Structures are given as structure tokens and as C-alpha cells.
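We did not get these values from a lab; they are worked out from the coordinates using the rules stated. None of the values given here were measured: they were computed from a predicted structure. A quick note on method: Cβ atoms are made from the backbone with ideal geometry, for glycine too, and the neighbour counts reach across all protein chains shown.
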Amino acid sequence: MSKSAQQKIVQYLDEAHASEMALTRDLQAQIAMTPRGGYRNALQSHLRETREHARLVRDRASDLGSSSDPIQAMVGLAESTVGQLLALGKAPLSLLRGGSGEEKVLKNAKDACASEALEIATYTAIERLARSTGDEETAEMAASIREQEQRMLERIMREIPKLTASVVSAEVGGEPSYELSKTGAADVGRDLAEAGKRTARSTEARARRTARNARKVPGVAQAEGQVKGAVASEDDLAISNYEQLNVSDIVEKLPEISQVDLAKIDSYERRNQNRTTVLSRITSLRGKEPWPGYDEQSAEEIRKELTDADDERAKQVGSYERSHKNRTVVLSAADREAA
């Protein structure tokens with residue numbers, strides 16, 4: 001299997017993993033609102049399957065080298081994060097939608113049909129891609145998961161007429177079949193809200209660690225900045241009140257920022273005012289860091305790194321530092337080692 005084919009399979013697996021993690025949260029909310037019985041049992045069984053699907057997909061992506069591509073790792077993390085946060089945000093809304101409890105369950109069942117159809121399409125694509133590139137292990141895994149998703153979709157479709165009949169009885173006939181308060185929805189709603197806070201905190205920390213590790217790979221920092229700058233707003237830039245500053249003010253501040261932020265401003269400037277003076281100064285400042293991840297380190301971290309550096313490395317640090325942040329601690333350490 002070629003490297004490009006392997007990377008494409010990993011991309012699809014990362015997307016599937018994000019979808020499975022989002023579905024896990026959504027199923028928890030649906031179960032909380034569904035009265036005890038066959039349909040609730042089916043949802044609980046599928047929740048267990050979904051968690052297993054997420055594990056299988058994650059492990060297979062890891063086997064294929066998901067973590068070896070730093071840019072893909074950041075993309076995968078973003079997709080997983082967005083999927084989970086969207087599902088966590090949707091869960092409380094699921095508790096409020098519709099009129100009676102019966103109608104809420106019916107609406108959730110219809111949403112579940114759409115989710116299952118998306119899952120089926122996702123794993124169909126993964127299976128076809130894997131088989132066409134000779135990855136039979138991934139293809140078999142995708143086919144197995146797709147079959148389970150198809151069975152769940154058929155199960156939900158059989159339930160739709162029954163759930164609709166319950167809505168008629170409750171909202172037309174005035175004979176509700178159960179009370180939503182007795183399903184545990186309120187407790188799960190609180191649990192999901194707390195889970196949302198925990199996920200937001202842990203995801204933010206993971207995002208920082210992943211980005212920092214990725215930037216240690218040569219070229220990734222500038223690539224990251226270019227991508228971010230293509231969609232950045234003024235508030236996203238490292239220089240505050242960027243649009244209100246004149247050219248000389250911007251040029252004066254440019255040496256203080258990292259290679260990531262220089263690339264971001266370069267991309268932002270080109271799609272807005274496109275001023276030659278600003279772009280020329282950025283070009284003069286953009287260059288190879290003394291070592292990958294240098295811009296992410298504090299002055300003290302760099303000072304410690306210099307204790308084991310040779311003369312050439314110390315000179316590189318001194319030259320780069322004088323052109324950029326010009327920190328006294330770093331320059332003193334670099335000059336001392338170079339001497």
C-alpha cells in the first residue's frame with residue numbers, strides 16, 4: 001500500500017472516530033429520555049457497540065501511523081473535539097425538544113435514523129477505499145461495523161410506527177404512556193453538562209500539547225500559520241488592533257512574534273491590504289528556527305538547551321534571537337557558549 005493511500009485511509013478513520021465519539025454522547029441523551037422496554041434496551045446495546053467501534057477505529061488508525069503525521073494529528077484532534085462538543089451541546093436540547101415525552105422520543109428516533117445512515121455511508125466508503133488499496137484488515141473491520149449500523153437502522157425503522165402511535169395517544173387522545181421525569185433524563189442531563197465542562201478543559205490541554213509537539217517537526221510551524229491566516233480575523237492575530245496600526249508600527253512589532261504568527265499575518269495581509277513593506281519585513285524574518293519548536297520555548301528553556309550546544313548552534317541562536325525577540329537571557333547564554 002502506498003504512503004498516500006495509507007494517509008487517506010487514516011484520514012477517513014479519524015473522521016469515523018470523531019463521528020463515533022459524537023454518537024456516544026447523543027445516545028446517552030436518547031437513552032435518558034426513553035422509557036424502559038425493548039427500544040431502550042436496543043439503544044443501550046448500540047451504545048456499547050458504538051464505544052467498541054470507536055476503540056477499533058482508533059486502534060486501526062494508530063496501527064497505520066495516525067500519530068506519525070503531526071498535521072493530520074492536529075486535524076484529527078480538531079474533528080474529534082468538534083464532534084464531541086457538538087454532541088454534548090445537542091444533548092440538553094434533546095431533552096427540551098417536542099411537546100410530550102412521546103414526541104421527544106420520536107424526534108430523537110428520526111435523528112438516529114439520519115445518524116445511522118451517515119455511519120453506514122462512512123464505513124461503506126472506508127471499506128471500498130481499503131479494498132481498492134489492498135488493506136484487507138481495515139476493509140473487514142469497516143464491513144463488520146457497517147453491518148451492525150445497518151441492523152440498528154432497521155431496528156429504529158421498525159420502532160418508528162410504534163413511537164408515532166404513542167404520540168397520537170398522548171397528544172391527540174390525551175393518554176400519555178409514561179412520564180419523562182421517571183426515565184432519568186434530568187440526571188443524565190446534569191451528567192452530560194458536567195461532562196461537557198470536563199471535555200472542554202481536557203480538549204484544550206490536548207490541543208496545546210498536540211500543536212506544540214507538531215511544531216517540533218521542521219516546516220510544520222509555518223504551514224500551520226499559513227493555514228490559520230487564510231481564515232483568520234483581525235482578533236486572531238498576534239498583534240493587537242492590527243487594522244488600526246500604520247505600517248511602521250506593524251513592522252516594529254513583527255520581530256517579537258513566532259514563526260507561526262509571522263506566517264499567519266503574512267497570509268492575512270496578502271488577502272487584505274497586501275502592503276509590500278509589511279510583507280517584505282515578514283519575509284526577512286521568516287526562516288529556519290535554531291531547532292524545531294524553538295519559538296514555543298521560554299527563555300529559560302532555551303538557556304538550558306544551550307548548555308549542551310556547540311559553538312555553531314550557539315551562534316545560530318544568537319543570530320536568530322537578535323532578529324526576533326532579542327531576549328537578554330538568551331543572548332547572554334548564546335554569547336557565553338559561543339565564546
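Observations
- Phi-derived couplings, Karplus 6.51 cos²θ - 1.76 cosθ + 1.60 at θ = phi - 60°, listed residue by residue for region 100-105: 6, x, 4, 5, 4, 5 Hz, with x used for Gly and Pro.
- Derived scalar couplings between HN and Hα for region 307-313 equal 5, 10, 7, 7, 4, 5, 5 Hz in order, rounded to whole Hz, by the Karplus curve 6.51 cos²θ - 1.76 cosθ + 1.60 (θ = phi - 60°), x for Gly and Pro.
- Listed values for region 11-24 are Karplus-derived 3J(HN,Hα) couplings in whole Hz (6.51 cos²θ - 1.76 cosθ + 1.60, θ = phi - 60°), namely 4, 5, 5, 5, 5, 5, 5, 4, 5, 5, 5, 5, 5, 4, and x replaces Gly and Pro.
- Counted residue by residue at 0.36 nm each, then reduced by the alpha carbon distance between them, the extension gain from Glu154 to Glu300 reaches 46.5 nm.
- You can think of it this way: the chain between Ala143 and Gln244 has 30.7 nm of extra reach, that is 0.36 nm per residue less the Cα-Cα gap.
- Global geometry of region 297-339, whether rounded, prolate or oblate, following the gyration tensor of its Cα atoms and the 1.5 cut on a/c: oblate
- Where labels lie 7 Å past Cα in the beta-carbon direction, separation of Ser280 and Lys253 in nm: 2.2 nm
- Averaging the sequence gap over all C-alpha pairs within less than 8 Å and six or more residues apart, then dividing by the number of residues, gives region 257-339 a relative contact order of 29 percent.
- A simple count of charges around Arg158, restricted to other residues whose Cβ falls under 14 Å of its Cβ and scoring Lys, Arg +1 and Asp, Glu -1, yields +1.
- Residue order, fewest to most beta carbons within 10 Å, for His324, His53: His324, His53
- The residue among Ala299, Ala338, His324 whose Cα reaches farthest toward the positive pole of the charge dipole of region 297-339, with charges on the beta-carbon of Lys, Arg, Asp and Glu, is His324.
- Euclidean distance between Cα centres, region 231-306 to region 108-135, Å: 42 Å
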